[in-house]
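Asks: Input: one structure, supplied below.
The values are calculated or read from the model by the stated rules, or taken from the named source; none is laboratory data. Every value quoted in this text rests on a predicted model; they were computed, and no experiment measured them. Don't worry about glycine lacking a Cβ; one is built from the backbone with ideal geometry, like all the others, and counts go over all protein chains shown.
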Amino acid sequence: MIDLHTHSTASDGELTPDQLARRAAEKGVRVLAITDHDTIAGIEPARQAAQCLGSELQIIPGVEMSATWGSQGVHVVGLGMDLDHPAFTQGLRALALAREERARKIARDFEQMGMPAPYEGARALAAGALGRVHFARYLIQQGRVNSLRKAFKHYLRRGKPGYAPAQWPAVDQVVAWITEAKGIAVLAHPARYPLTRTKLRALLTEFRAAGGQALEVISGTQTQAENARMLTLARTFSLHASLGSDYHGPGHPWIELGRLPPLPEGTPGVWELFS
Ligand code: AMP
Ligand code: MN
Ligand code: MN
Ligand code: MN
């Protein structure tokens with residue numbers, strides 16, 4: 001059982017890397033990629049936990065990098081990078097900076113709405129990379145909303161008063177950081193972007209030209225019909241297929257680690273590219 005897209009407390013997941021590795025082992029996962037938003041801080045602790053468990057759980061070093069394609073935000077999962085490669089670490093620094101700047105902007109908006117110390121409040125709820133989910137948790141703490149979903153719906157989504165655009169790098173740039181570090185670039189949850197079929201094809205063309213090698217055909221955030229459509233696209237564009245739950249923790253009970261439909265027989269899997 002393979003799961004190549006998961007989050008820990010190093011970004012906006014609910015479980016520590018240690019707890020994530022334990023739960024994966026319990027659920028029968030054999031290959032687990034830790035793919036936190038714009039950070040690799042969860043990988044080493046997860047590896048150590050997997051070792052202590054003495055199970056056959058293999059941890060793949062991963063990341064989910066934020067990027068833009070035109071005005072559309074997209075996510076690129078990187079798998080198996082050399083984590084010390086200078087191009088990659090420089091990329092992570094650029095993303096951390098963009099994330100920090102955006103957090104300051106969100107905090108300023110919240111202050112204008114009369115909320116107390118939003119930056120410090122969100123920071124206190126984050127163990128690592130600061131993201132919108134931590135501001136959502138802050139809104140719940142402040143009694144402004146009673147769920148993450150509502151926090152995004154009323155405050156944090158594009159067009160809402162707490163939305164601040166981040167200056168994410170272009171998707172080609174992000175793919176280059178991953179591939180230069182000998183990693184495999186996977187376009188994450190392709191059915192989640194509000195793009196027409198034509199636009200999605202144009203994105204895939206550019207992604208592939210930039211060195212992208214795989215498509216997240218099966219995602220916990222996609223329907224079965226969407227997965228099927230993405231499989232066809234992967235074949236058309238000669239991209240290897242990846243699969244991942246996009247697990248964020250037990251508070252999101254509709255998505256579980258490793259609980260993914262299998263790829264059809266004969267589909268080239270992204271793991272065939274692992275060295
Ligand atoms: P960020 O990378 O900081 O912009 O945050 C993006 C993350 O926010 C996603 O990976 C999800 O974990 C979370 N997210 C986005 N939309 C929603 C939503 N409607 N409800 C709950 N969480 C969301
Ligand atoms: Mn997330
Ligand atoms: Mn994502
Ligand atoms: Mn994700």
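Asks: If I ask for residues that are of a type in the set (S, T, N, Q) and exposed (fewer than 15 other Cβ atoms within 10 Å of the Cβ), which ones from segment 225-240 would you list?
Replies: Thr232, Thr236, Ser238
Asks: How do the strands (runs of 3 or more DSSP E) wholly within segment 1-103 filter down when requiring 3 or more residues that are more than 16 Å from ligand 2 (Cβ to nearest atom) and more than 22 Å from Asp172 (Cβ to Cβ): which remain?
Replies: Values: elements: 31-34, 58-69, 72-79.
Filter on segment 1-103 gives 58-69.
Asks: If I filter segment 34-47 down to residues being within 16 Å of ligand 1 (Cβ to nearest atom), over 11 Å from the mean Cα position of the chain (by Cα) and not β-branched (Val, Ile, Thr), which single residue comes out as surrounded by the fewest Cβ atoms within 10 Å (Cβ to Cβ)?
Replies: Ala41
Asks: Would you check which residues across segment 106-147 are part of a helix (DSSP H, G or I) and within 12 Å of ligand 1 (Cβ to nearest atom) and list them? Spell out how you get there, then give the answer.
Replies: Applying the first criterion (part of a helix (DSSP H, G or I)) to segment 106-147 yields 106-112, 118-124, 132-141.
Scanning segment 106-147 gives Ile106, Ala122, Arg132, Val133, His134, Phe135, Ala136, Arg137, Leu139, Ile140.
Asks: Please find, within segment 241-255, the residue that is surrounded by the fewest Cβ atoms within 10 Å (Cβ to Cβ) out of those that are within 14 Å of ligand 3 (Cβ to nearest atom) and of a type outside the set (A, V, I, L, M, F, W, C).
Replies: His252
Asks: Let me ask another. Kindly indicate whether any position in segment 48-64 is within 16 Å of ligand 1 (Cβ to nearest atom), modelled with pLDDT of 95 or more, crowded, with 16+ Cβ neighbours inside 10 Å and not β-branched (Val, Ile, Thr).
Replies: Yes.
Asks: Can you report the number of residues in segment 51-67 which are under 26 Å from Trp177 (Cβ atoms) and more than 16 Å from ligand 3 (Cβ to nearest atom)? Walk me through it before giving the result.
Replies: In the first step, residues of segment 51-67 are kept if they are under 26 Å from Trp177 (Cβ atoms); the result is 58-67.
Subset that is more than 16 Å from ligand 3 (Cβ to nearest atom): 58-61.
Of the residues in segment 51-67, 4 are under 26 Å from Trp177 (Cβ atoms) and more than 16 Å from ligand 3 (Cβ to nearest atom).
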